[in-house]
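Data first, discussion second: the structure below is written as structure tokens.
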Amino acid sequence: MKPLQSIVSALCLAASLSAFPALADSKNNTELGFVGSQSCAGCHDQQLESWTGSHHDKAMELPTKDTVLGDFNNATFMYNGITTTFLTKAGKYIVRTDGEDGKLTEFPVDYVFGVYPLQQYLLPLSKGRWQALSIAWDARPLNEGGQRWYHLYPDEKIDFKDPLHWTGPYQNWNTRCAECHSTQLEKNYNAQSKSFNTNFSEIDVGCEACHGPRPNTHKPGREKGTGRG
Ligand code: HEC
Ligand code: HEC
Ligand code: HEC
């Protein structure tokens, strides 16, 4: 499934060129104060309405029966001699797959990532890392070849020693994905302990990911219809 992956790579690349100017000077973010997409309500209801439920709204979400698209009903997927199982336990979504040491291990799905044409799953590792599993769910309809698990590197044999493995640096959410898929990202990498304490003001691509934090001058005294001020 190279085509799907190249679509997404292209989208991700295009985004770096256009849609996220605010992230360039993220140092200033905390000073300016992000207030969150919902606080744009009342004045920009039209924009809020078209954003709600959009791919930006769904760029990253907690796993629930509404947000998880993949088959976690003990579905299995075979890659490079390893059988990965997608299951649920006590309402939690779990992936049993090869971990950092190559051994089969159960990981909870902490977040879902993206929605269409494919969805990925973020699994936790030590030191505050989240990693994007390389077995993705093809969210396209059945008659378009979708509704199945597939590997993003189908023709290679990536094992746990490979930096492209889901536990490796290339699939690390903190450094490789987060700043485009969430708002006001703070990576918070501690070089000494080699650990992350990453956080964001909004889990998904909120209004301020593109427009920047609203300066205080924007809100007070700026009534609906009073024009720019
Ligand atoms: C109290 C009302 C109010 C709130 C809350 C508000 N805005 Fe605005 N905003 C305005 C007004 C009024 C304008 C000017 C509209 C016009 O010129 O037609 C505006 C214009 C804008 C524009 C157009 C460019 C500009 O700066 O003039 C953007 C983008 C924008 N707002 C984003 C946001 C975002 C994002 C939020 C939430 C974080 C937000 N606004 C919250 C009232 C508000
Ligand atoms: C992925 C980036 C992105 C996100 C997310 C986003 N916007 Fe925008 N928004 C834009 C761009 C780009 C424009 C400029 C459109 C144009 O000039 O035609 C714009 C234009 C606007 C304007 C100016 C009036 C208009 O419609 O052209 C307002 C107000 C606005 N956005 C508010 C919001 C609010 C409120 C949210 C969240 C609910 C939001 N935007 C989310 C990129 C974004
Ligand atoms: C430079 C910004 C950027 C980076 C970095 C980035 N993405 Fe994306 N990603 C995007 C944009 C933009 C889209 C398209 C959103 C849309 O559908 O409009 C996207 C789409 C996706 C989708 C497809 C689902 C969907 O909703 O369209 C997945 C899955 C995804 N990204 C995963 C990742 C993973 C995993 C990483 C890190 C390894 C990553 N992305 C890094 C910007 C980025």
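Listed conditions (1) more than 6 Å from ligand 1 (Cβ to nearest atom); (2) in contact with a helix residue (DSSP H, G or I) (Cβ under 7 Å, 6 or more places away or on another chain); (3) at pLDDT 90 or above are all met by Ser193, apart from (2). Go through the range 136-184 and give me each residue that's surrounded by fewer than 16 Cβ atoms within 10 Å (Cβ to Cβ), of a type in the set (S, T, N, Q) and part of a loop (DSSP other than H, G, I, E, B). Matches in the range 136-184: Gln147 only. For the range 30-65, the candidate set comprises residues that are touching a strand residue (DSSP E or B) at 6+ places or on another chain (Cβ under 8 Å) and more than 8 Å from ligand 2 (Cβ to nearest atom); within that set, the residue that is nearest to Asn188 (Cα to Cα) is Thr30. One residue alone among Tyr170, Tyr189, Tyr150 is out of contact with any Pro (no Cβ under 7 Å at 6 or more places or on another chain) and free of Cβ contacts under 8 Å to residues at least 24 places away in the same chain, and that residue is Tyr189. Filtered by the rule that a residue be over 15 Å from Thr175 (Cβ atoms) and touching an Asp or Glu at 6+ places or on another chain (Cβ under 9 Å), the range 189-210 gives Ser201, Glu202, Ile203, Asp204, Val205, Gly206, Glu208, Ala209.
Let's see how each residue does on (1) exposed (fewer than 13 other Cβ atoms within 10 Å of the Cβ); (2) under 14 Å from Leu122 (Cα atoms); (3) touching a helix residue (DSSP H, G or I) at 6+ places or on another chain (Cβ under 6 Å):
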{"residue": "Pro63", "(1), (2), (3)": "no, yes, no"}
{"residue": "Asp66", "(1), (2), (3)": "yes, no, no"}
{"residue": "Gly70", "(1), (2), (3)": "no, yes, no"}
{"residue": "Ile82", "(1), (2), (3)": "no, no, no"}
{"residue": "Ala90", "(1), (2), (3)": "yes, no, no"}
{"residue": "Arg96", "(1), (2), (3)": "no, yes, no"}
{"residue": "Gly102", "(1), (2), (3)": "no, no, no"}
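Looking across Asp138, Asp110, Asp159, Asp204, one residue alone is in contact (Cβ under 8 Å) with a residue 40 or more places away in the chain and within 16 Å of ligand 1 (Cβ to nearest atom). It is Asp204.
Gly114 meets each of the listed conditions (1) surrounded by fewer than 20 Cβ atoms within 10 Å (Cβ to Cβ); (2) on the phi > 0 side of the Ramachandran plot; (3) small (Gly, Ala, Ser) apart from (1).
The values are calculated or read from the model by the stated rules, or taken from the named source; none is laboratory data. Bear in mind that the values here come from a model prediction, so they are computed numbers and not experimental data. Quick reminder, even Gly has a Cβ in these numbers, built from the backbone with ideal geometry, and neighbours come from all protein chains shown.
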